[in-house]
Amino acid sequence: MMHGFHTYDESDAPEAARPMLAAAKKRMGFVTTLNGVMAESPELLAGYNALAEQFGRSSLPAAAKQVVLITASVANGCAYCVAAHSTLALRARVPAEVVEDLRAGRPLTDQALEAVRRLTHAVVTQRGWVAEADVEAFLAAGHTRRHVLDIVLGVGMKTLSNYTNHLAHTPLDPAWQEQEWTREDATA
């Protein structure tokens with residue numbers, strides 16, 4: 001616990017958050033510490049879950065979604081989310097070298113995924129004020145305008161979790177520890 005934030009579970013969370021934590025436990029097999037911290041505000045937890053669900057339904061290919069989540073988390077310096085999404089990306093069969101390059105902030109050899117990485121990084125670091133040339137380069141790599149907006153959705157989702165983790169110093173779950181990461185691990 002840092003700054004007074006508590007990590008709840010489905011037995012001690014505010015009443016409105018309990019069903020969401022129970023559902024997370026059923027889905028993941030455990031309640032993540034991120035969800036446990038977010039439970040302090042059932043509305044934040046519900047909002048994050050809704051964005052995650054919608055991002056999962058977005059038009060981006062599965063590997064591209066992982067690129068967005070890891071890239072935004074690296075750009076925001078969120079050790080918790082980089083570790084969690086690295087683990088989930090590897091489980092989703094994203095190649096290990098892609099995950100390693102994302103964690104280090106290095107360009108990807110797959111040009112379609114590199115376009116996703118570059119645009120996501122620009123959206124985060126430029127706070128949405130992305131140069132038209134960067135959007136055009138993304139589209140020229142075979143992506144669509146819908147993909148541009150799907151990246152915005154993923155960045156919004158990660159902003160909620162990244163900032164929550166920064167404020168609460170969310171402890172890393174054992175499930176993510178093999179992929180532990182620090183900001184110093186990124187070279188870019």
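The values are calculated or read from the model by the stated rules, or taken from the named source; none is laboratory data. Every value quoted in this text rests on a predicted model; they were computed, and no experiment measured them. Quick reminder, even Gly has a Cβ in these numbers, built from the backbone with ideal geometry, and neighbours come from all protein chains shown. With ligands, DNA and RNA removed, areas are computed over all heavy atoms of the protein, side chains included. Shrake-Rupley method; radii C 1.70, N 1.55, O 1.52, S 1.80 Å.
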Residue 167 vs. criteria touching a residue at least 40 places away in the same chain (Cβ under 8 Å), touching a His at 6+ places or on another chain (Cβ under 9 Å) and part of a helix (DSSP H, G or I): yes
Conditions (1) touching a residue at least 12 places away in the same chain (Cβ under 8 Å); (2) open to solvent by 20 Å² or more (accessible area, probe 1.4 Å); (3) among the aromatic types (Phe, Trp, Tyr): number failed by residue 129: (1)
Residue match in segment 151-161 (condition: touching a helix residue (DSSP H, G or I) at 6+ places or on another chain (Cβ under 8 Å), over 23 Å from residue 55 (Cα atoms) and either assigned to a helix (DSSP H, G or I) or open to solvent by 40 Å² or more (accessible area, probe 1.4 Å) (or both)): no
Segment 8-24 residues that are under 8 Å from residue 42 (Cα atoms), paired with ones that are open to solvent by less than 70 Å² (accessible area, probe 1.4 Å) and among the aromatic types (Phe, Trp, Tyr) (beta carbon under 9 Å, 6 or more apart): 14/8; 17/8
Exclusive hit being open to solvent by less than 50 Å² (accessible area, probe 1.4 Å) and of a type outside the set (A, V, I, L, M, F, W, C), set 170, 144: 170
Tally of residues being free of Cβ contacts under 8 Å to residues at least 40 places away in the same chain and either assigned to a helix (DSSP H, G or I) or touching a Phe, Trp or Tyr at 6+ places or on another chain (Cβ under 8 Å) (or both) across segment 81-98: 7
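In segment 1-57, which helices (runs of 4 or more DSSP H) lie fully inside it and hold 2 or more residues that are under 21 Å from the mean Cα position of the chain (by Cα) and either hydroxyl-bearing (Ser, Thr, Tyr) or closer than 12 Å to residue 164 by Cβ (or both)? Walk me through it before giving the result.
Working: elements: 18-28, 33-38, 42-57.
Here the list reads 33-38, 42-57.
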